[in-house]
Amino acid sequence: MSAMASLAALDGVSTANGVSVGFPAAGTEGGSDAGRMLPARAELAAVLPWPGLRRGSTVAVDDSVSLLFALLSEATASGSWAAVVGLPGTNLVAAAESGVAVSRLAVVPDPGAEPAAVVAALLDGVDLVVVGGTRRLADQDARRLSARARNRGAVLVPFGPWPGADVRLDCSGARWRGLGRGHGHLRERAVTVRASGRGAASRPRSCRLLLPGRDGAPARLAEEQPERIARLRPVVG
């Protein structure tokens, strides 16, 4: 059964962005399978324990929508499909300005009463699956989903705490750019991204990264005031 057919069987589940057809099965397009890589921005690849996003891995992101979009950008731009589940405030304009190919992004704002089943269905057919509302899932369900990602060759990206994640990414030390003396716009912020985890990621690494992305969209507004982002344009210096 395809991922979309499995989703259609669940009450109250719908997708956004006009996605209504089956996805190529995760790990099958181009002969990829678990252990192979999806591309990531060079700065992030430098702190990950692999030279990209390893298929079958679980990479958790702590509390930064801009960092999440940065993580998805290279893979979707290179042809991979991604899905975002349980993040109703996801803003497609902000995602696009951060480099995400939104034509290959499915959004399930409300997974209904069976979030684990929705995520499991998507892992069968999507390369990267983002999971919001992680505290709604029991630890045993989280571990089963990580095991399913390993089996299907998908990348599971929890947005929040996740037991047994291979890698956890968080950012700190933000410094904003773009404001002059009493005028201007917050164009971008430089942050320190830290990677930690288990196994190959047990040695913490860090890098400096410009967020939300290469286009200089206003990150704080994208995260805190999504209803306004559609009226904003990147500032050209």
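The values are calculated or read from the model by the stated rules, or taken from the named source; none is laboratory data. Because the structure is predicted, anything quoted here is derived from the model rather than measured. Glycine gets a Cβ as well: all are built from the backbone with ideal geometry, and neighbour counts include every protein chain shown.
If a residue must be among the small types (Gly, Ala, Ser) and outside any helix (DSSP H, G or I), how many such residues does region 134-163 contain? Step through it out loud before you land on a result.
Taking region 134-163 and keeping what is among the small types (Gly, Ala, Ser), we get 138, 142, 146-147, 149, 153-154, 160.
Next, only the ones that are outside any helix (DSSP H, G or I) stay: 138, 153-154, 160.
The number of residues fulfilling the criteria is 4.
State all residues of region 44-75 that are in contact (Cβ under 8 Å) with a residue 40 or more places away in the chain, of a type outside the set (A, V, I, L, M) and out of contact with any Gly (no Cβ under 8 Å at 6 or more places or on another chain); if no residue qualifies, say none. Let's see the steps before the verdict.
Initially, region 44-75 is screened for residues in contact (Cβ under 8 Å) with a residue 40 or more places away in the chain, giving 44, 46-50, 53-73, 75.
Okay, now just the ones that are also of a type outside the set (A, V, I, L, M), so 49-50, 54-58, 62-64, 66, 69, 73.
Trp50, Ser57, Ser64, listed by residue number.
Let's see how each residue does on (1) closer than 22 Å to Asp141 by Cα; (2) of a type outside the set (A, V, I, L, M, F, W, C); (3) buried (at least 22 other Cβ atoms within 10 Å of the Cβ):
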position: Pro51; (1), (2), (3): no, yes, no
position: Val61; (1), (2), (3): yes, no, yes
position: Leu71; (1), (2), (3): no, no, yes
position: Ala94; (1), (2), (3): no, no, yes
position: Gly99; (1), (2), (3): no, yes, no
position: Pro109; (1), (2), (3): yes, yes, no
position: Pro115; (1), (2), (3): yes, yes, yes
position: Gly125; (1), (2), (3): yes, yes, yes
Checklist entry - Which of the residues that make up region 135-163 are free of Cβ contacts under 8 Å to residues at least 60 places away in the same chain, farther than 15 Å from Pro111 by Cβ and not basic (Lys, Arg)? => result Asp139, Gln140, Ala147, Pro163
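Quick check: anything in region 34-56 β-branched (Val, Ile, Thr), at pLDDT 55 or above, touching a Phe, Trp or Tyr at 6+ places or on another chain (Cβ under 7 Å) and more than 16 Å from Val107 (Cα to Cα)? Steps first, answer last, please.
The first filter runs over region 34-56 and keeps only residues β-branched (Val, Ile, Thr), leaving 47.
Remaining after also requiring at pLDDT 55 or above: 47.
Adding the requirement that they be touching a Phe, Trp or Tyr at 6+ places or on another chain (Cβ under 7 Å) leaves none.
Within region 34-56, not a single residue is β-branched (Val, Ile, Thr), at pLDDT 55 or above, touching a Phe, Trp or Tyr at 6+ places or on another chain (Cβ under 7 Å) and more than 16 Å from Val107 (Cα to Cα).
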Checklist outcome for this item: Residue hits (region 164-190; within 20 Å of Ala94 (Cβ to Cβ), surrounded by 20 or more Cβ atoms within 10 Å (Cβ to Cβ) and modelled with pLDDT of 80 or more) are Leu169, Cys171
